[in-house]
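Below is one structure, written out as structure tokens; the observations come after it.
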Amino acid sequence: MSWHFACAVTKPKDQLELKCYIHILDDGVQGWFTVANILSDVMVALKKQNPMLTCAFLKSDNAGCYHCGSLLAFIQAQNLKGAPIQIKQYNFSEAQSGKDLCDSKTSHSKLHILRYANEGHDVTSPFDMKQALESYGGLWGTFTSVVSVDKHMEPKVSIKIPGINQLNNFQFTEAGIVVRKAYKIGNGKMFENSKLSLRQCTDIDSLKILHPFGNSDSVKVGKVTLKTSQVRVDIPDTDSTETEEQEDEQQDEPDEEDTEAMNCIGFACPEPRCQREFVSANGLERHILKGSHQYVKPAGTDVVKQMWVDKCNNIGSEYKSVIDQSVISGSEDDSVVEGWALKKT
């Protein structure tokens, strides 16, 4: 059984929302023709759930069913045809990168199916997989359907784009496709519509939905949280009129020290293997006076490396001592007979 994951990140308000569309294939393989039909179905579902959505940006890995001229020509043909959601760009990620959302959803879906199977249920068909994924309310923001694609309807067309393996950014315009090796690097190269055989990729609708997506109103929407970088905050010096009693109270409070350690920026503890850092020098001084160090336990590989370094250093010192002894013993013996290949008698 084969399945296809498509994760859509939208921002209707201030919060990023994540929706995942799973297509379980009853038959067929994941070629460019199957991906094209699934992509059309995902766009229809997105437009139905988000009527205000008008454009989309695609991103995927470099698998052959994605990174090919036939699929890119299909997208261009759909844009010119007046698709409800216009695809503006298609970006391909580097090797071993770019599938974090899909990989996360895949692992969660597998665990959900495994839990369903451990309870005594059989999961031997695409319909059983859909039932397992929708059990217990399903996964957050996940919609599952069972589809079938007729491979006999695939057009016999092979659209070649020279050097496509080196191209990672494709921008779709009315005149054609602008290709670049990287996003916003250079002016790019234009492939006009006349060179893409768009007529053969226009009418592609061979997706048969055996079990459609569930009700979107009953599915909770997933959330996406972006990593925020730490911002340097300048803390003003304390007032010089502060009494010594107040300073002693601040030194006795562990919460303030922990707070400064959480907002660590520039003052690291000089104690070896202590991982505490502080915003201000005063916090570092209080930490040193208290001696509340947090040591990092070295990894096993680091211990082995250090043992190997010590052993190599000891070998060097022992070898040097042996050489020094041989030199000393050789200098004491002056009765060596010199000659050209003379035999000792």
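The values are calculated or read from the model by the stated rules, or taken from the named source; none is laboratory data. This structure is a prediction, so every number in the text was calculated from the model and none was measured. When we count neighbours, we look across all protein chains shown, and the Cβ atoms used for this are built from the backbone with ideal geometry, even at glycine. Accessible surface areas use protein heavy atoms only, side chains included; no ligands, DNA or RNA. Shrake-Rupley method; radii C 1.70, N 1.55, O 1.52, S 1.80 Å.
If you roll a 1.4 Å probe over the heavy atoms of the protein chains, what accessible area per residue do you get for region 25-163, in Å²?
Averaged over the residues of region 25-163, the accessible area is 51 Å².
By average Cβ neighbour count within 10 Å, what is the ranking of 100-107, 186-193 from highest down?
100-107, 186-193
Over region 2-223, what lengths in whole Å, largest first, do the semi-axes of the equivalent ellipsoid take, defined as the square roots of 5 times the eigenvalues of the alpha-carbon gyration tensor?
Semi-axes, largest first: 31, 19, 17 Å.
At 0.36 nm per residue, and after removing the present C-alpha to C-alpha distance, how many nm does the segment from residue 312 to residue 107 gain when stretched out fully? Walk me through the numbers before you get to the answer.
Values: separation 205, 0.36 × 205 = 73.80 nm, distance 4.49 nm.
Answer, rounded to one decimal: 69.3 nm.
Please list 71-82, 202-213 highest first by mean number of surrounding beta-carbon atoms within 10 Å per residue.
71-82, 202-213
Multiply the residue gap between residue 165 and residue 127 by 0.36 nm, knock off their C-alpha separation, and tell me the result in nm, one decimal place.
10.0 nm
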